[in-house]
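Everything below concerns the one structure shown next.
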């Protein structure tokens, strides 16, 4: 097993990785910016190194500073968490070139999945369903208009190099397409340094369902069930649950098999997520309803997901430990041929944002009281007295609730939300209290537009 691990991240995910590392007897090393000096992950690490000012490009995205910290502390491996450099293939190559262990998939897999068009084409070749869309970037507006006419409106306009719900727009007709194309292209060039644009069929009613995969050290790829991620604002997730209340056993078999094929197509190693759009069954012109629902590949996240804890509860594994074992060339702690899910779990992303418009609301935490009880877990990045700054993602904590059934989990989640006290920064706990009483959510028959209908 790895003996010393540098965590190239911050906040709750750094704290969560450090927790597993220390349980395994691995020396945990944190890196931090000047803005994060007082956060719990810095205090809880065995060693911590200041790597720069608050601006992420000068700290958490600063490859040279991170590698210098690894060298000065004698780190054997680097775990990137999620965000920042976690899906940067060049960083992965640089880490390995420096003689360090990279806790993540190979750089080639990151590269293959990092471009949405290339990923779509690879998945189609591997027999994974993809939505109607372009197989090459829409080079200019005229090409986008031609492609959209062939695909059929409405269409989604996507930044090919984007991720995390960023760089997307919907066009219902050619006029809207002309506006969205220019907006998305400009955003993509500014944010990702790549203005390539993908045109894809847009489905007004969809569910966002993803499959957790793990590429093992022996070359096998296994799937650890699905997660429902349809509660979103601005195409970014707020709530995740496993198993999905929308997925039948037959559909689950197809989803998991497709996700495994996706991983095998790029020789995937370590933890990753295959994200899909689930299109509800609709009657055709004759009124006939198809026997099964369609699903389409959306993208592959070549890293650990924010929502990984719900899978950990349902499958009884520690995914960070499994990541470390794969990186060290070791077998998993579980039997890949006898994976057995049990119960239900829901994660609520507690963000420093106003619960109505979801606008950021940083500030000093004057009160922080976490809920406790059976089936309650809180992965937090802050404690009382810390300051939530505007420099990073607004995630304060993840409230994860588990139990024997979905109904039991929802009941526990209501109590946990009521017992979670945060004073200082704005937070979206009132939204979750509303959601957990919402009839559409309670029915399980919701889709990605549920938040807009609530607002």
Out of all the residues in region 136-143, is one or more touching a strand residue (DSSP E or B) at 6+ places or on another chain (Cβ under 9 Å) and outside any loop (DSSP other than H, G, I, E, B)? yes
Among (1) under 22 Å from the mean Cα position of the chain (by Cα); (2) under 28 Å from residue 194 (Cβ atoms), where does residue 15 come up short? (2)
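Residue-by-condition table, conditions (1) within 15 Å of residue 348 (Cβ to Cβ); (2) touching a residue at least 60 places away in the same chain (Cβ under 8 Å); (3) crowded, with 22+ Cβ neighbours inside 10 Å; (4) in contact with a helix residue (DSSP H, G or I) (Cβ under 9 Å, 6 or more places away or on another chain):
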{"position": "402", "(1), (2), (3), (4)": "yes, yes, yes, yes"}
{"position": "405", "(1), (2), (3), (4)": "no, yes, no, no"}
{"position": "410", "(1), (2), (3), (4)": "yes, yes, no, yes"}
{"position": "413", "(1), (2), (3), (4)": "yes, yes, yes, yes"}
{"position": "423", "(1), (2), (3), (4)": "no, no, no, no"}
{"position": "440", "(1), (2), (3), (4)": "no, no, no, yes"}
{"position": "444", "(1), (2), (3), (4)": "no, yes, no, yes"}
{"position": "449", "(1), (2), (3), (4)": "no, yes, no, no"}
Residues (in contact with a strand residue (DSSP E or B) (Cβ under 8 Å, 6 or more places away or on another chain), surrounded by 15 or more Cβ atoms within 10 Å (Cβ to Cβ) and touching a residue at least 40 places away in the same chain (Cβ under 8 Å)) located in region 160-178: 160, 162, 163, 164, 166, 168
Within region 388-398, tally of residues that are farther than 10 Å from residue 11 by Cα and either touching a residue at least 60 places away in the same chain (Cβ under 8 Å) or not assigned by TED's automatic domain parsing to the domain that holds residue 361 (or both): 3
Only unsatisfied item for residue 252, checking (1) part of a helix (DSSP H, G or I); (2) in contact (Cβ under 8 Å) with a residue 40 or more places away in the chain; (3) over 16 Å from the mean Cα position of the chain (by Cα), is (2)
Return yes or no: is residue 181 surrounded by fewer than 20 Cβ atoms within 10 Å (Cβ to Cβ) and either assigned to a loop (DSSP other than H, G, I, E, B) or not assigned by TED's automatic domain parsing to the domain that holds residue 257 (or both)? no
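Does region 215-238 contain at least one residue that is in a loop (DSSP other than H, G, I, E, B), out of contact with any helix residue (DSSP H, G or I) (no Cβ under 7 Å at 6 or more places or on another chain) and closer than 25 Å to residue 448 by Cα?
Yes, there is a match, as at least one residue in region 215-238 is in a loop (DSSP other than H, G, I, E, B), out of contact with any helix residue (DSSP H, G or I) (no Cβ under 7 Å at 6 or more places or on another chain) and closer than 25 Å to residue 448 by Cα.
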Please indicate, with yes or no, whether at least one residue in region 107-118 is under 24 Å from the mean Cα position of the chain (by Cα) and more than 22 Å from residue 269 (Cβ to Cβ). yes
If a residue has to be more than 25 Å from residue 109 (Cα to Cα) and buried (at least 18 other Cβ atoms within 10 Å of the Cβ) to count, how many in region 204-241 make the cut? 10
Looking at (1) crowded, with 19+ Cβ neighbours inside 10 Å; (2) touching a helix residue (DSSP H, G or I) at 6+ places or on another chain (Cβ under 8 Å), find the lone condition where residue 156 falls short. (2)
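The values are calculated or read from the model by the stated rules, or taken from the named source; none is laboratory data. The structure presented is a predicted model; accordingly, all values stated were derived computationally and were not measured. Please note: Cβ atoms are built from the backbone with ideal geometry, for glycine as well, and neighbour counts cover all protein chains shown.
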